[in-house]
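Asks: Handing you a structure now.
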Amino acid sequence: MLNPVHNLQIHTAELPVSATTAYAAWQLFGTASFIASWWLCATGARLTWTAWGAATTGMIWAASPATGRTVATGLALRSLSLRSSSFVHVHNDVQPTPVQIRPDIHVPQPLVERVEINGRDLRSVD
């Protein structure tokens with residue numbers, strides 16, 4: 001089975017660039033359009049990145065054998081990965097630390113020894 005994206009020797013035979021250079025330029029264009037669409041949040045950059053993905057998927061569809069087109073295109077849409085997505089749940093069985101509350105009330109010493117109000121002498125012990 002052909003590897004449709006990487007096997008560019010047929011299409012670059014009469015071009016002045018090699019297949020490796022064409023593939024690297026295609027990947028660089030896709031990466032640059034993705035970064036521009038994320039960083040600039042511009043509609044044109046997002047459309048360019050979407051068109052790049054659609055063109056890549058179309059190339060894979062066109063270059064794949066008729067019996068495997070659906071599978072090859074599905075793999076391309078899934079980022080060319082055979083890994084299954086999975087969710088890992090980590091359960092930490094940590095017991096809470098008991099909290100002991102010890103209320104302490106601190107009353108400061110009075111600062112005033114003697115106060116006179118309306119001719120009456122008041123002291124802190126009164």
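Asks: Restricting the first residue to the range 58-79 and requiring it to be touching a residue at least 12 places away in the same chain (Cβ under 8 Å), which pairs with a second residue that is hydroxyl-bearing (Ser, Thr, Tyr) and not in a helix (DSSP H, G or I) meet a Cβ separation below 7 Å and a spacing of at least six or different chains?
Replies: ALA72/SER64
Asks: Checking THR43 against (1) at pLDDT 80 or above; (2) within 22 Å of THR31 (Cα to Cα); (3) surrounded by 10 or more Cβ atoms within 10 Å (Cβ to Cβ), which single condition isn't satisfied?
Replies: Exception for THR43: condition (3).
Asks: Another one. List pairs: first residue in the range 5-21 and modelled with pLDDT under 75, second residue surrounded by 12 or more Cβ atoms within 10 Å (Cβ to Cβ) and outside any loop (DSSP other than H, G, I, E, B) anywhere in the structure, Cβ distance under 6 angstrom, at least six positions apart or on different chains.
Replies: LEU8/ALA19; LEU8/ALA22; LEU8/TYR23; GLN9/ALA19; THR12/ALA19; THR12/ALA22
Matching residues to (1) among the polar types (S, T, N, Q); (2) at pLDDT 75 or above:
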residue	(1), (2)
LEU75	no, yes
PHE87	no, no
PRO96	no, yes
ARG102	no, yes
HIS106	no, yes
GLN109	yes, yes
VAL112	no, no
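The values are calculated or read from the model by the stated rules, or taken from the named source; none is laboratory data. The structure presented is a predicted model; accordingly, all values stated were derived computationally and were not measured. Please note: Cβ atoms are built from the backbone with ideal geometry, for glycine as well, and neighbour counts cover all protein chains shown.
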